[in-house]
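Remarks on the structure that follows.
The values are calculated or read from the model by the stated rules, or taken from the named source; none is laboratory data. Not measured: the values here are computed from a predicted model. When we count neighbours, we look across all protein chains shown, and the Cβ atoms used for this are built from the backbone with ideal geometry, even at glycine. Note: areas computed on protein heavy atoms with side chains; ligands, DNA, RNA excluded. Shrake-Rupley method; radii C 1.70, N 1.55, O 1.52, S 1.80 Å.
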Amino acid sequence: MLRRSVRRRVATLLALLLMLLGAAAGVRAQGQTPITIDDVRAGYEGAYRLGEWFPVVVDVSNAGPDLRAVLEWSLPGRFDEPVFQRTIDLPRGSRKRVVLEVYTASFVRNGMVRLLDGSAELATRDVTIEAIDESVFLVGVVSSDPALLNSLDGQPIGGFASTRVRHLAAGDMPDSAATLRGLNAVFLHDLDSAALQPGQRSALALWVGLGGQLVLSGGGAGQQAAAGWGDLLPVTAVGSPTVGDLSALAQLAGGSLGSLPASTTLSQAQARRGAERLPPNSQLIFRHGYGAGLVSFSAFDFASLRGWPGEASLWGQVLRQVLPLMPGAVAHLSQFNLLDRGVLKLPALDLPSPWTLLLFMLAYVLVIGPLNYVVLRRMRRLELAWITVPAVVLLFTAGLYAAGTLLRGGESQYNQLSIVESSEGQRQGLATSFIGLFSPRRATYTLGFPAATLVTGGPTQLFLNARFEPVRVDEAGAPSISVLADISSVTTFVAETTVDLPVQVQSQITDSPGGMRGEIHNSGALALEDAILVRGESFVRLGTLAPGERKQVLQADALPGFPNSLGLGASGVFERQSMINLLFDRTALQLRGSGATPGTLDAEGVYLLAWISQPAIPASVNGVAAAQNSLTLYVLRLATA
């Protein structure tokens with residue numbers, strides 16, 4: 001009996017203990033959020049270029065119920081910097097990787113990623129970042145070797161004061177040329193080209209055409225590395241590997257053989273026509289120009305040079321200082337929009353002429369004074385002046401308001417001025433659009449853009465508490481931004497994206513110290529307005545190039561004084577000459593620390609500049625396709641001999 005009583009007490013105690021443990025576990029479970037931000041990788045291994053877009057890769061997990069939330073990137077305590085948001089669906093048990101494309105024009109050390117459900121903060125993560133200005137040559141290395149090419153770090157290249165090397169995972173490579181613009185060069189090592197998505201390869205090709213530098217490693221895996229790149233490479237074929245030596249590299253690096261291997265595995269490659277061999281007459285490094293950029297292919301594995309003192313000098317000879325056109329970054333750095341600088345001439349913004357104001361004031365004085373007096377005197381009712389004078393004031397006030405409304409118009413106006421950069425033979429280009437939304441009244445507007453468009457607005461107030469309206473990207477990648485516009489105001493935005501080129505040309509231009517000569521053919525379906533050829537500070541006027549038309553270019557046609565001497569006229573509401581001056585005048589903006597000037601064309605290249613009165617980026621206003629005033633400048637680098 002006693003034993004049975006003891007057993008009951010022990011069982012009761014065990015049951016109570018289990019209940020207490022269960023309750024404690026429940027309390028702990030309730031205190032833990034089911035939403036977690038597992039990892040954040042910002043920029044290029046933490047580095048970002050001032051004024052240029054960079055990726056923020058976020059891994060998010062949800063162990064709780066289904067959730068639709070907003071992922072947000074911001075800079076803590078900085079209300080004068082843009083905020084970027086992305087809508088994300090998180091079903092129960094899901095883990096997602098989301099990419100936010102962001103930029104900042106400030107030197108900051110940390111950003112913040114938050115996951116929001118309405119105004120409730122579900123999770124947050126602080127991220128350390130490092131600002132890179134334009135005096136630094138930024139190199140991205142995609143390799144399984146985390147120490148590869150670290151010898152380049154701190155070395156000067158061309159006109160750049162120093163170099164920074166940052167290592168990237170292949171999966172984190174951007175699929176947007178605009179997001180790659182922060183990098184000066186990209187090295188691809190022990191990477192099968194199939195490991196990159198088609199969008200990543202296309203973005204790299206366009207980035208090179210706009211002034212990037214791509215270097216691919218050969219060696220034992222050279223065939224896999226070269227596959228899938230087509231005419232981007234300076235070689236036409238990469239054969240099976242062979243054995244050779246690297247002694248010729250010492251000549252290029254200006255140093256001794258040192259620790260160069262006596263023999264190593266080399267990729268057998270055939271140089272493409274016009275490609276350069278480094279060192280001359282060797283089969284070690286092949287390089288050619290692709291648009292405004294450079295592509296190099298090494299027959300050896302980059303890792304073969306590890307420990308060689310001349311490694312940094314060698315790559316310093318292969319890489320160059322290339323100065324791409326950067327209208328978007330200049331706009332970000334200086335918070336200016338071309339439409340704010342006198343390029344946009346809306347009639348609704350014009351003030352009445354002085355003569356109109358004078359006539360109005362004269363009529364007002366005559367009516368409220370002599371005419372009112374004469375009429376009342378003839379009526380012998382001068383005491384009615386206390387009624388007629390206010391009535392006249394109200395009448396003229398209403399008339400002035402009606403006249404102002406008619407002059408402004410009753411509808412909002414969407415204005416888009418774009419620059420599309422590309423090179424001859426390419427099917428795509430990078431569009432930078434300066435957008436101005438005119439509102440005749442105080443109202444809120446929501447602007448929508450196609451997927452993969454990078455959008456930013458200006459601060460909503462020009463005071464110390466100025467704020468940027470957040471850009472919200474939906475699940476499909478389409479951004480939108482809502483703004484409150486004031487009466488008779490123009491709210492400006494900048495949008496950047498990759499576009500298909502409606503402009504196609506074929507050229508046979510010879511570029512020599514004596515000048516440009518040859519022929520250019522408009523092989524597209526659209527007429528090119530005010531077309532000019534530009535090399536350095538000289539230009540040749542071509543006028544309008546109709547579809548299928550060919551024009552001869554003679555050395556004697558070249559004129560000095562680009563861009564200020566073009567003498568371009570207005571096109572609708574846009575001043576073409578003012579736009580060209582702001583984009584290409586070397587004295588307009590000085591923002592680059594390396595001594596280079598933004599908005600200048602490579603003096604060694606020949607460019608076609610031409611206009612089309614069509615928008616580069618479609619948009620919607622309050623959910624309806626926007627009718628707009630539009631003008632697009634195409635800047636195409638030509639393939640010259």
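Data table
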read-out: Among (1) modelled with pLDDT under 90; (2) surrounded by fewer than 16 Cβ atoms within 10 Å (Cβ to Cβ); (3) outside any strand (DSSP E or B), the one test that Gly425 misses; value: (2)
read-out: Pair list, Cβ under 8 Å, 6 or more apart: the range 148-169 residue on the phi > 0 side of the Ramachandran plot and touching a residue at least 24 places away in the same chain (Cβ under 8 Å), other residue assigned to a helix (DSSP H, G or I) and of a type outside the set (Asp, Glu); value: Leu149/Phe302; Leu149/Trp315
read-out: Count of residues meeting criterion [open to solvent by 30 Å² or more (accessible area, probe 1.4 Å) and in a strand (DSSP E or B)] in the range 127-156; value: 2
read-out: Any hit, the range 436-455, residues being of a type in the set (Ser, Thr, Tyr), over 21 Å from Pro327 (Cα atoms) and assigned to a loop (DSSP other than H, G, I, E, B); value: no
read-out: Scope the range 38-66; condition over 25 Å from Leu333 (Cα atoms), assigned to a loop (DSSP other than H, G, I, E, B) and either modelled with pLDDT of 95 or more or not aliphatic (A, V, I, L, M) (or both); matching residues; value: Gly64, Pro65, Asp66
read-out: Gly211 vs. criteria touching a Pro at 6+ places or on another chain (Cβ under 7 Å), in contact (Cβ under 8 Å) with a residue 60 or more places away in the chain, within 30 Å of Glu52 (Cβ to Cβ) and in a loop (DSSP other than H, G, I, E, B); value: yes
read-out: Residue match in the range 330-351 (condition: in a loop (DSSP other than H, G, I, E, B), at pLDDT 80 or above, open to solvent by less than 10 Å² (accessible area, probe 1.4 Å) and on the phi < 0 side of the Ramachandran plot); value: yes
read-out: Number of positions in the range 67-95 that are open to solvent by 20 Å² or more (accessible area, probe 1.4 Å) and part of a loop (DSSP other than H, G, I, E, B); value: 10
read-out: Among (1) open to solvent by 30 Å² or more (accessible area, probe 1.4 Å); (2) in a strand (DSSP E or B), the one test that Gly239 misses; value: (1)
read-out: Filter result (open to solvent by less than 40 Å² (accessible area, probe 1.4 Å) and either in contact with a Leu (Cβ under 6 Å, 6 or more places away or on another chain) or of a type in the set (A, V, I, L, M) (or both)) within the range 559-580; value: Leu566, Leu568, Ser571, Val573, Phe574, Arg576, Gln577, Met579, Ile580
read-out: Odd one out for Leu583 among (1) open to solvent by 70 Å² or more (accessible area, probe 1.4 Å); (2) not in a strand (DSSP E or B); value: (1)
